[in-house]
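Report on the following structure.
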Amino acid sequence: MTSDLITQLLVSGLTMGSIYALVAIAYNIIFSTTHIINFATGEFVMLGALVTLSLVTGLHIPSLLAIPVTMIVVAIVGLIVERVAYRPVQGKKVAGHSIAWIISTLAFSIILQNVAMLIWGKEFLPVPAPFGNRTVSFMGAVIDTNQIYIFLAALIIALLVEVLLNKTYIGMMIKATSVNRRAAEYMGIKTTFVISLSFAIAGGVSSIAGILVSPLTFASSTMGLLIGLKGFAVAIMGGLGSGHGAIIAGLVLGVCEVFAGSIFSPGYRDIVAFVLLIAVLALKPDGLFGEAIQEKA
C-alpha cells in the first residue's frame, strides 16, 4: 500500500467519519433532553439530501440558500416526530419496560422512508455539491474539496452544540429537563418546549449531514437506514450525550471501515461499525466518554 493510497484512504475515512459524527450528535441532542434514542434520525439525513435536491434542481434555488431552507424543513419534521411518535407514548411501558418510544420512532422512520419513496422513488439521484466540485492535491492524493467542507462542518457543529449545551440558557434548560423534569417545571422551565426544540435542532443537524454527504454518495429514499445505524453505533461508542465522544468515535469508525474495505473487501466496510460497537460495549458499556445513565420511568 503506497503512501498516496494511505493518504487517500485516510481522507475518505475522515470524511465518512465526520458524517457519522454529525448523526451521532443529533442522537445526543435528543438523548440529552429525553434519555431516549430517536430512531428516525437516519431519515432526517435522507430528507436533508432529497429536500435539497428538489430545491436546487426542481425550484432552481441556489445551493447555499437551499441549505438553511432544508434545515428548517427537516427541523419541522423533527417537531412532528416529537409530537406524534414521542409525546403520546412518553412514560408508556411495553411488557413492563419503558420502550414504547423505540417502537414508535422506528415506525415513524419507516413511514418517512415510504413517503420519500412515493415522492422521489427508489433511484440513487445525483445532488449538486453546494460549494462546487473542485479538487486539490495533498501528499500525492487527489482530494475533493467537499470532503474538506464535511470535516470542517462536523467540527464546527460539534463545537456549536457543546457551546449550546454548556454555555447558554437553552443548554441550562435542556440539562434541567434531563436531570429532573418535574423539578424543572417547578422552576418555570417549559419542558415540553425544550423537548420539542431538541427534536427540531436534531433534525437540522441531521439534515446537514445529508446535504454534505449526498454529492459524494448520491441521494435515495433508503440512504438513511445505514447512515442512521452507524451514527447510532458512534453515539454509543463515544458515550451518549458526549459531543467530543461522538467526534472521536465517528472519525475512528470512518477510518477503520475505509481501511478494512481496502485491505480485505468492500463488503467488510459495513461490518466494522458493529464489530467495534460490540467490542466497546463489552469493555466499557457506557461508551468511551460516557457516564452511567439510569433509565427513567
Cross-chain or 8 or more residues apart, Cα under 13 Å: how many lysine pairs in the chain fit that? Count them up, please.
-> 4
Nearest 10, in degrees from 0 to 90: the angle of helix 145-167 to the longest Cα principal axis of the chain is 20 degrees
Degrees, to the nearest 10: 100-120 long Cα axis against longest axis of the chain = 40 degrees
Could you pull out every residue, at least 5 positions away or on a different chain, whose amide H is within less than 5 Å of the one on Phe138? Hs are placed 1.01 Å off N in the peptide plane, and Pro or chain starts have none.
-> Ile143
Which longest run of the chain has no exposed loop site in it, a site being GluC sites (Glu not before Pro) in a DSSP loop with at most 15 other beta carbons within 10 Å, and the site itself not part of the run?
-> 124-290
For Val77, net neighbour charge (Lys/Arg +1, Asp/Glu -1) across residues whose Cβ lies under 12 Å away = -1
Computed [θ] at 222 nm, deg cm²/dmol, the chain (DSSP H ≥ 4; -39,500 (n - 2.57); rounded to nearest 500) | -23500 deg cm²/dmol
Pair Ile156, Ser3: separation of 7 Å Cα→Cβ label points (nm) = 3.2 nm
Counting as exposed only trypsin sites (Lys or Arg not before Pro) in DSSP loop states with no more than 14 other Cβ atoms inside 10 Å, the longest exposed-site-free span of the chain is 191-295
Connecting every pair of Cα atoms under 10 Å apart in the chain and solving the GNM, the largest mean-square fluctuation among Phe274, Phe232, Phe39 falls on Phe274
Enumerate the residues in the range 214-240 having an amide nitrogen under 19 Å from the point lying 7 Å beyond the Cα of Leu106 toward its Cβ.
-> 222-236
For every other residue with a beta carbon closer than 12 angstrom to the beta carbon of Gln113, add +1 if it is Lys or Arg and -1 if Asp or Glu, then tell me the sum.
-> 0
For the range 34-91 and the range 101-119, write down the distance between their C-alpha centroids in whole Å.
-> 12 Å
Compute the acute angle (0 to 90°) between the alpha-carbon long axis of helix 191-217 and the principal axis of greatest extent of the alpha-carbon atoms of the chain; round to the nearest 10°.
-> 10 degrees
How high is the FRET efficiency from Thr192 to Asp286, r the C-beta distance, R0 30 Å, rounded to 0.05?
-> 0.60
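Every number in this text was worked out from the coordinates using simple rules, so none of it is lab data. All figures in this text were calculated on a predicted structure; none of them were measured in a lab. Cβ coordinates were reconstructed from backbone atoms using ideal geometry, including for glycine residues, and neighbour counts include every protein chain displayed.
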